[in-house]
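The values are calculated or read from the model by the stated rules, or taken from the named source; none is laboratory data. These numbers come from a predicted model, not from an experiment. For accessibility, only protein heavy atoms count, side chains too; no ligands or nucleic acids. Shrake-Rupley method; radii C 1.70, N 1.55, O 1.52, S 1.80 Å.
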Amino acid sequence: MLQANLRREKSTDQGTEGVFRCPERGFRSYTLELPWRDNRPNVSSIPLGVYLCRLVKSPRFGWVYQVRNVEGRSHVLHHSGNVAGDRTKGYVTNVLGCILHGKKRGHLAGQRAVLLSKATIRRLHKAMGGEDFELTIESGD
């Protein structure tokens, strides 16, 4: 099975930045997730750990990779979007616990963001070729 790694870096109320890699397929992207909020659905990133990711058809996003077997959570997806801030702190978000991918990091309307996200998701799908993969999420600390 393919192996991928998401190494989380800086986390603030504007989101949790990381780097996703699948060395076997030569794929790398920047990621953005919600800040850690004790794994609460719709407001938190998911816990560190090892997860199976499988291609599924989402009614909203079409074909996407889903992160499976996240305790207390469902519909955790890898999809396009730009921002992942804490709404209770006045920030905008494009996720409810999912993982956003982008080609580069930047800012949109003064908020941390990943950019060129749709193109990066297309590259992710091409690189993975529809195959399941095991994702290890770890802290960069």
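Tabulated values for the structure
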{"item": "Inter-centroid distance (Cα atoms) of region 49-63 relative to region 100-141, Å", "result": "14 Å"}
{"item": "Accessible solvent surface per residue of region 33-84, calculated while the other protein chains remain in place, 1.4 angstrom probe, Å²", "result": "52 Å²"}
{"item": "Nearest-10 value in Å² for the accessible area of Thr93, using the 1.4 Å probe", "result": "30 Å²"}
{"item": "Partner lysines for Lys104 [C-alpha distance under 23 Å; skip if fewer than 8 residues away on the same chain]", "result": "Lys10, Lys118, Lys126"}
{"item": "Alpha carbon Rg of the chain, scaled by the compact-globule rule 2.2 N^0.38 Å", "result": "0.94"}
{"item": "Computed lengthening from Asn39 to Arg54, 0.36 nm per intervening residue step minus Cα-Cα distance", "result": "3.3 nm"}
{"item": "Mean separation of Cα contacts under 8 Å, 6 or more apart, over the residue count of the chain: relative contact order %", "result": "30 percent"}
